[in-house]
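The values are calculated or read from the model by the stated rules, or taken from the named source; none is laboratory data. Nothing here was measured: the structure is a model prediction, and the numbers come from that model. Don't worry about glycine lacking a Cβ; one is built from the backbone with ideal geometry, like all the others, and counts go over all protein chains shown.
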Amino acid sequence: MLLAIDTSAGTSVAVVDRDRGILAQADEADTRRHAEVIGTLIERVLAEAGVTPRELSGVVAGMGPGPFTGLRVGIAAARAFAFGIGRPVVPLVSHDALALDAREPLLVVTDARRREVAWSSYAAADELGLPVRVGGPRLASPGDLEAAVDRYAGYLRLDAAAIPAGPLGMLGERLFAAGRAFGPTEPLYLRAPDVTPSTGPKRVTG
């Protein structure tokens with residue numbers, strides 16, 4: 001069983017099992033409350049699934065694409081929880097969850113804020129139903145998306161307000177079962193953080 005966490009848009013947490021599917025999922029759409037709700041959502045899904053932390057075999061972390069501030073909350077929570085129970089972190093590209101079992105070419109689009117969207121393009125899923133990403137993740141303005149995506153007209157477009165942790169967790173289970181690689185170990189922020197550290201010591205005046 002896996003605990004899955006994604007904060008690339010809203011906040012979503014789930015417990016999944018390879019054979020039994022999605023056992024519990026909890027979501028919060030407000031993109032300003034990641035840090036406030038994530039602990040509560042983790043407690044809720046574990047209780048609903050009737051699972052103790054030590055029964056988990058790993059923790060899936062949605063690595064984006066997503067804005068810096070929200071995305072880092074989920075990744076930090078996944079890493080801390082995994083460390084606490086002595087289990088590995090399973091990093092996955094968040095968009096890939098929506099292309100699981102895709103029957104036709106699919107364009108996944110999420111809000112990247114600042115009047116931009118993040119997109120990833122996929123061929124139909126492979127023989128195991130696993131995503132086949134052919135482009136992205138990348139940023140574009142909504143008006144430039146058609147020009148940015150090669151063969152845009154050939155894709156079914158899916159605009160997602162959030163990435164559900166249930167399918168993300170099932171992707172992790174199925175990739176492991178197939179002996180496939182997971183996602184990137186570094187977050188896909190696609191944009192520098194809003195606040196950057198000072199490059200030198202702060203001057204103190206008396």
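General remarks:
- Within the stretch 160-185, tally of residues that are over 23 Å from V45 (Cα atoms) and either surrounded by 15 or more Cβ atoms within 10 Å (Cβ to Cβ) or in contact with an Asp or Glu (Cβ under 7 Å, 6 or more places away or on another chain) (or both): 2
- Where I5 falls short, out of the listed (1) buried (at least 21 other Cβ atoms within 10 Å of the Cβ); (2) farther than 17 Å from P164 by Cβ: (2)
- The condition of being in a helix (DSSP H, G or I) and either surrounded by fewer than 24 Cβ atoms within 10 Å (Cβ to Cβ) or at pLDDT below 95 (or both) does not hold for G74.
- Evaluation of D19 against the conditions (1) modelled with pLDDT of 95 or more; (2) of a type in the set (D, E); (3) touching a helix residue (DSSP H, G or I) at 6+ places or on another chain (Cβ under 8 Å) shows that the sole unmet condition is (3).
- Counting only residues that are at pLDDT below 95 and either farther than 20 Å from A76 by Cβ or of a type in the set (K, R) (or both), the stretch 22-53 holds 3 of them.
- Residue list for the stretch 1-21, filter: closer than 16 Å to L175 by Cβ and among the β-branched types (V, I, T): V16
- Residue within the stretch 115-138 that is crowded, with 16+ Cβ neighbours inside 10 Å and part of a helix (DSSP H, G or I) present: no
- Members of the stretch 97-121 found to be out of contact with any helix residue (DSSP H, G or I) (no Cβ under 6 Å at 6 or more places or on another chain), over 13 Å from Y189 (Cα atoms) and among the hydrophobic types (A, V, I, L, M, F, W, C), listed by number: L98, A99, A102, L107, V109
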